[in-house]
Amino acid sequence: MPPQNSYIGRFAPSPTGPLHLGSLFTALASFLQARKHQGQWLLRIDDLDTPRLATGATEKIITTLDAYGLHWDGEITYESQWLAHYQNAIERLTQQDLIYPCTCSRKQLKRDRLENPSIKTYPGFCRYHRQSPLSPHSLRIKTPDQSITIDDLLHGQHQQNIHHDIGDFIIKRRDHIFSYQLAVVVSDHRQKITEIVRGIDLLDSTPRQVFLQQRLGFVTPHYQHIPIIVDAHGTKLSKQAFSTPVHTHNISQTLYYLLTQLQQNPPQELSSAPLNELLDWAITSWDIKSLEKITAISL
Ligand SMILES: [Zn+2]
């Protein structure tokens, strides 16, 4: 852990719908971890994937966080305002000869995989047969055939050979949208984020982000991947799974419930306490280590 006052954490939801219980669970954990360390907690709206954005979702997310007392520090930032910075990162990677245009369509790649089931990742066709950058293309990054190890503070070491397990991945889509992998790395760097608390479903993409950080000369933050909330069938609660949005009545009860799910054992007498009292208790008693090695929590 760094000195306490240098802690900068963040919550970076994508406004593809209102917050559901699973995202509030993550927001609460990252908020409590920052406050416990007298750190800053920033709110960044990941609004790059424009075809998936839902009208009014940003406002709903902001209202919900506010209603639950999860107050962020400083101004809210929007990734859509940082396009020049993502482009600049691509240019720096291009100078290192790491980027190439890929004209393969998703349909074509799917057909290849059906014909040859041993192909699990992008086979690198355009890496070895240079395509004209004039035809519609995505941009891929050349991945090194070497293993990258990350040290997760809750799960220990996690190793991945991204070339073998993922393949050359897309950093700018064919529809000109910057990929999540690139944007998250550039945004975290711009905001000097030191601690990332997020769902374990993103653990697998962390080595790709560390690889980009290394190539761009950025410092790698500390990672703590917390469990995801799953329903009775073991499916992650998500907007895609049409999970119901969190309501803004019964706020204290929902918060008490989430603290229980976060393994914090809130005392029974706080179950009807006002929001502020409950949050104060939660910040003081917060112990993220209770989530060590846990990957899923079912509702
Ligand atoms: Zn290709």
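Some points to look at:
- When DSSP beta bridges are restricted to pairs lying wholly in the chain, around 50% turn out antiparallel.
- Just so you know, the Cα atoms of segment 203-267 work out to an Rg and Dmax of 17.0, 47 Å.
- Accessible surface of segment 215-299, 1.4 Å probe, proportion on carbon and sulfur as whole %: 52 percent
- To put it simply, the accessible area of segment 83-180 at a 1.4 Å probe is 51 percent carbon and sulfur.
- Those Cys residues of the chain for which no other cysteine Cβ falls under 4.7 Å: 104
- Both radii come from the Cα set of the chain: Rg as radius of gyration, Rh as Kirkwood radius; their ratio Rg/Rh reads 0.99.
- In a fully extended conformation the segment linking residue 249 and residue 202 would gain 13.9 nm over its present Cα-Cα distance, using 0.36 nm per residue.
- Estimated distance in nm for a label pair at residue 219 and residue 233, the labels positioned 7 Å out from Cα along Cα-to-Cβ: 4.5 nm
- Under 5 Å, built H, 5+ apart or other chain: amide partners of residue 17: 54
- Phi to ³J(HN,Hα) by Karplus 6.51 cos²θ - 1.76 cosθ + 1.60 over segment 179-186, Hz, x for Gly, Pro: 6, 3, 4, 6, 4, 5, 5, 5
- Area accessible to solvent at residue 287, 1.4 Å probe radius, in Å²: 70 Å²
- Solvent-accessible area of residue 23 with every protein chain in place, 1.4 Å probe, in Å² to the nearest 10: 20 Å²
- Residues of the chain: accessible area per residue with a 1.4 Å probe, Å²: 49 Å²
- For the chain, averaging the sequence separation of C-alpha pairs within contact (under 8 Å, six or more residues apart) and dividing by the residue count gives a relative contact order of 22 percent.
- Gain in span if fully extended, residue 263 to residue 94, counting 0.36 nm per residue against the direct Cα distance: 56.3 nm
- Largest to smallest accessible area among 128, 256 [probe 1.4 Å]: 128, 256
- For residue 169, solvent-accessible area (1.4 Å; no DNA, RNA or ligand), Å²: 10 Å²
- Kirkwood hydrodynamic radius of segment 220-299, from inverse mean 1/r over distinct Cα pairs, in Å: 14.2 Å
The values are calculated or read from the model by the stated rules, or taken from the named source; none is laboratory data. Just so you know, these numbers come straight off a predicted model, no measurement behind them. Because the Cβ atoms are built from the backbone with ideal geometry, glycine has one as well, and the counts that use them run over all protein chains shown. These area figures cover heavy atoms from the full protein model, side chains too; ligands, DNA and RNA do not enter into them. Shrake-Rupley method; radii C 1.70, N 1.55, O 1.52, S 1.80 Å.
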